[in-house]
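See structure below.
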Amino acid sequence: MKSRIYAAILCSAAFAVTSCNRHIYVPNQVNAPLLKERYEFKGSVTPTNLQGAFAITDNIAIMANGQYLYGFNYLDPANENNSNNNDLLVSNRTRGGLVEGAVGFFKPFGPSKKMVFDVYAGYGGGGFKTITREYNNSGSSGNENDYMIKNRFSKVFIQPSIGFVHPVVETIFSSRFSMVNFYDSQLGVKAFEGDDAGKADFMRINNKPIAFYEPAFTVRVGYRYVKFQSQLQFSVPLNNGSFNDNNNNYDNINQYFQQVTFTMGVAVDIARWYNRR
């Protein structure tokens with residue numbers, strides 16, 4: 001089973017490099033706070049994510065996360081790079097985001113309590129809209145709304161993490177499992193012009209919830225209260241095979257999900273345990 005998951009992650013990275021962007025689900029950054037004590041607060045900010053977690057007891061915490069993508073910048077005539085830039089990690093054709101909240105359990109362990117395990121369960125929702133690759137191609141006509149696909153979704157997730165927490169450096173591995181229910185899908189009149197199979201693929205996403213395995217590797221480096229943070233994250237659809245059409249073309253479904261994400265930002269940690277060393 002593990003080998004199948006690892007293979008899926010590698011295939012996801014390769015698919016992300018070669019696919020054209022029609023993303024209607026871009027996973028938000030995994031919030032992996034690894035708190036140690038009651039009343040500790042840890043938050044982070046990146047260009048697309050705002051996250052925070054607060055310990056209400058010595059083992060119970062709450063978290064809140066927000067995400068927003070500012071796409072469509074290439075549609076601005078003032079933008080000198082007015083091109084179809086299908087960047088691996090930053091999509092300028094997708095706009096939208098989500099909000100979510102969670103409750104979790106955390107437990108420091110090991111020598112000097114430098115290792116921490118936590119697990120959170122939460123709920124959220126949001127939506128994305130994307131300009132399909134046909135817009136701005138040679139011979140395209142109409143405005144961007146004619147080439148737009150969009151949807152809304154709700155999600156539940158469970159997220160265990162384990163890592164090393166030190167005043168200077170933190171290293172964390174997280175495994176988020178998300179069940180995403182897509183609904184209210186809409187498409188412009190030219191979004192799938194001449195592509196009936198593509199239109200059918202897009203509409204099939206609403207048929208049933210989709211499970212994602214979203215592992216993430218997080219590193220924070222700094223000193224005590226403020227650290228630089230970076231995260232590499234994958235998003236692997238687990239039940240995409242259940243969307244097979246008569247030709248077994250379930251890989252067509254994967255093009256709507258961004259499967260590799262890399263974020264950088266700043267993390268802030270307000271805690272008393274720094275002063276007890």
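List the residues whose amide H sits under 5 Å from the amide H of residue 59, counting only those 5 or more places along or on another chain, with H placed 1.01 Å from N in the peptide plane.
Amide H to amide H, under 5 Å and 5 or more residues apart or across chains, residue 59 pairs with nothing.
Starting from the coordinates of the alpha-carbon atoms of the stretch 93-206, obtain the Kirkwood hydrodynamic radius over all distinct pairs and give the value in Å to one decimal.
17.3
Just grab the label-to-label distance for residue 272 and residue 196, each label 7 Å out from Cα along the Cβ direction, in nm (one decimal).
Distance between the two pseudo-spin positions: 6.9 nm.
Using Stokes-Einstein with the Kirkwood hydrodynamic radius over Cα pairs, what translational diffusion coefficient do you get for the stretch 145-232 at 20 °C and a viscosity of 1.002 mPa s, in µm²/s rounded to a whole number?
133
Every number in this text was worked out from the coordinates using simple rules, so none of it is lab data. This one's a predicted model, so the numbers in the text were calculated from it and none came from an experiment. No Cβ is skipped: glycine too gets one built from the backbone with ideal geometry, and neighbour counts run over all protein chains shown.
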